[in-house]
Each structure stands twice: as C-alpha cells, then as structure tokens.
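Participant: Have a look at this one before I ask anything.
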Amino acid sequence: MFANHAVPVRTKSQSENLIYFTLSILFNSLGNALTVALNLGSALWTASAVNFTFITGIPLAVVLFASGVAVIIANAVIIGKLDWRRIMGNVIFMVPFSYLIGIISDYLIMWGINDLPLIVRVVMDCFGVCLISLAISIYQRVNLMLHPVDDLMQIIRFKYFKGSATIAQLVTFMPPILITVICWIIGQHLLAINIGTIFALLFQGSLVGVFDKIVFPSLKHQHLDHGETKNDDRVHS
C-alpha cells in the first residue's frame, strides 16, 4: 500500500471547480460503466447491494437508494450535525450519476465489449477501477458535492486518519464487506464478486492518494468539514 497524506490549502475559483467536477463525473461514470458492462466484479458497495437483493427480493434500485440514505445518516452522526447543503449535494449527486452509468454501460455492451478476449476485459475492468479512483480524488478535492459513500470516506479520512486515503477507503469498505459475508452465510451464494472487486479492495484507496499528488497537483482539498471546524482549510499531515 502507498502512504498518502493530502494537504488542503487555498480554494479554487468557482469556474475552475466546475471544470474539475465535470471531468470527475465523466471519469467516474465511464469507470463504473466499464465495471458494470464487463461484469467482472462490481464495486464493494454495489456488490453488497446486489447480494442483499438476492436474499431479500427487494429491488436493487431501492437497496442502493436506501444504503445511500443510511450512509448520509451515518455521516451526519460522525460530524455531529445535520448539514442540509451537504445532504442535498449527496442526493443530487446520486441521481444523474446513476443515469449516466446506465447509459454508458448499455452502449459499451451494445458495442460488443464482452466479445473481447478475457485478458483484455480484465485489464479494462481494472482500468475502470483506476478511473473511479481518479474521479474520487478530483471531486473530493473540489468538494462541491459527493456521493454519500465518498463523503463518508472523506470525513473519516481527515477526522481520524490524518488524510490517509488508503486507510480511510479500507474502513469505508468494512460495512459492505460485512453485509456481503452475512448474505453469503444466509444465501450460500455470492454475486457481483470478481477480480474487479478484489482489485478495488486492494488498491482503490491507495490510487486515490496517488492521484491526489500526480493529477492536477495544484488542486488541493477545500472546505473540509468533518465535525471539528466549520470550514477546515488547515494543513493536515
């Protein structure tokens, strides 16, 4: 694993932040769409939702939305307040983001991505996880609005782990891992777990930290609020 510690400093202009945010959404949508279309392992939160749907019969969309709401509540508990701007950003992020993933993955499947040789699909799946990590790195630094899970990672990253993306990501993965294990014990079957899931578990957090340093290095973490200060632009080490 890589050691990584982000250093938040000055804020960017609104126009710069919007450009970075738009790029991050495109990277994230394409990365997730690749992993969905290739079917070589979903991200851990998605995989846990798929397995929960399998044992309960509750529609996947409902499970994904409910898990997002649960994480929003957890985030509010951790920071010790209801930040309605943050909550609205979480909800707004989830809707178009999911729509883009669906559209792009449908096109990738239509273009015959699953007809490629297995080794090529494996490489592309891992590349998809890398794109997701890059996107998380960018939009966490912009901090305009976040997916609830990525918001959770950012909160605990700076509140408890001194900016370490590797440790924070692993801790954030613990709930879906636990849910998946429980579903496996109950249903005796695992879905949406494959090489992409393992790659994400092992490397996603470290990749976020690496991309913080090498992709748009002038873009630093802005407006951090993890419950200790209202607008934390202090240096973390």
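The values are calculated or read from the model by the stated rules, or taken from the named source; none is laboratory data. Bear in mind the structure is a predicted one, so any value in this text is a computation, not a measurement. All Cβ positions, glycine included, derive from the backbone under ideal geometry; neighbour counts span all protein chains shown. Heads up: the accessible areas ignore ligands, DNA and RNA and are worked out on the full protein's heavy atoms, side chains in. Shrake-Rupley method; radii C 1.70, N 1.55, O 1.52, S 1.80 Å.
Participant: Looking at segment 77-100, which of its residues are over 22 Å from SER42 (Cβ atoms), surrounded by 16 or more Cβ atoms within 10 Å (Cβ to Cβ) and small (Gly, Ala, Ser)?
Facilitator: Result: GLY89, single match.
Participant: Sticking with this one: Could you check segment 101-130 and list, in sequence order, the residues that are farther than 19 Å from PHE203 by Cα and buried (at least 17 other Cβ atoms within 10 Å of the Cβ)?
Facilitator: If the condition is that a residue be farther than 19 Å from PHE203 by Cα and buried (at least 17 other Cβ atoms within 10 Å of the Cβ), then ILE101, ILE104, SER105, LEU108, ILE113 are the ones that fit.
Participant: A further question follows. In this structure, does CYS130 turn out to be under 12 Å from the mean Cα position of the chain (by Cα), part of a helix (DSSP H, G or I) and farther than 30 Å from ARG85 by Cβ? Spell out the reasoning first.
Facilitator: Values: under 12 Å from the mean Cα position of the chain (by Cα): yes; part of a helix (DSSP H, G or I): yes; farther than 30 Å from ARG85 by Cβ: yes.
Criteria met by CYS130.
Participant: So, one more: Of everything in segment 183-208, what is part of a helix (DSSP H, G or I) and either touching a His at 6+ places or on another chain (Cβ under 6 Å) or over 20 Å from LEU152 (Cβ atoms) (or both)? Give them in sequence order.
Facilitator: Filtering segment 183-208 down to residues part of a helix (DSSP H, G or I) leaves 183-187, 195-208.
Within segment 183-208, CYS183, TRP184, ILE185, ILE186, GLY187, ILE195, GLY196, ILE198, PHE199 meet the criteria.
Participant: Name the single residue, out of those in segment 95-115 being among the small types (Gly, Ala, Ser) and within 20 Å of ALA61 (Cβ to Cβ), that is modelled with the highest pLDDT.
Facilitator: Quick first cut of segment 95-115, residues among the small types (Gly, Ala, Ser) only: 98, 102, 105, 112.
Add one more test, that the residue is within 20 Å of ALA61 (Cβ to Cβ), and what stays is 98, 102, 105.
Numbers: SER98: 72, GLY102: 78, SER105: 86.
Ranking the qualifying residues of segment 95-115, first place goes to SER105.
Per-residue answers, yes or no, for (1) open to solvent by less than 60 Å² (accessible area, probe 1.4 Å); (2) out of contact with any Phe, Trp or Tyr (no Cβ under 7 Å at 6 or more places or on another chain):
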{"position": "LEU134", "(1), (2)": "yes, no"}
{"position": "ASP150", "(1), (2)": "yes, yes"}
{"position": "ILE155", "(1), (2)": "yes, yes"}
{"position": "LYS159", "(1), (2)": "yes, yes"}
{"position": "LYS162", "(1), (2)": "no, yes"}
{"position": "ILE179", "(1), (2)": "no, no"}
{"position": "ILE182", "(1), (2)": "no, yes"}
{"position": "ILE186", "(1), (2)": "no, yes"}
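Participant: If you check ILE136, ILE119, which single one turns out to be within 13 Å of the chain's Cα centre (by Cα), modelled with pLDDT of 90 or more and not small (Gly, Ala, Ser)? Give the steps one after another, and end with the answer.
Facilitator: Working: ILE119 fails: within 13 Å of the chain's Cα centre (by Cα).
Among ILE136, ILE119, only ILE136 is within 13 Å of the chain's Cα centre (by Cα), modelled with pLDDT of 90 or more and not small (Gly, Ala, Ser).
Participant: Turning to a different aspect of this structure: State yes or no: is TYR107 among the aromatic types (Phe, Trp, Tyr), in a helix (DSSP H, G or I) and under 27 Å from SER15 (Cβ atoms)? Can you show your working first?
Facilitator: Working: among the aromatic types (Phe, Trp, Tyr): yes; in a helix (DSSP H, G or I): yes; under 27 Å from SER15 (Cβ atoms): no.
So TYR107 does not fit the description; no.
Participant: Next question. Of (1) surrounded by 13 or more Cβ atoms within 10 Å (Cβ to Cβ); (2) modelled with pLDDT of 90 or more, ALA70 satisfies all except one. Which?
Facilitator: Of the numbered conditions (1) surrounded by 13 or more Cβ atoms within 10 Å (Cβ to Cβ); (2) modelled with pLDDT of 90 or more, the odd one out for ALA70 is (1).
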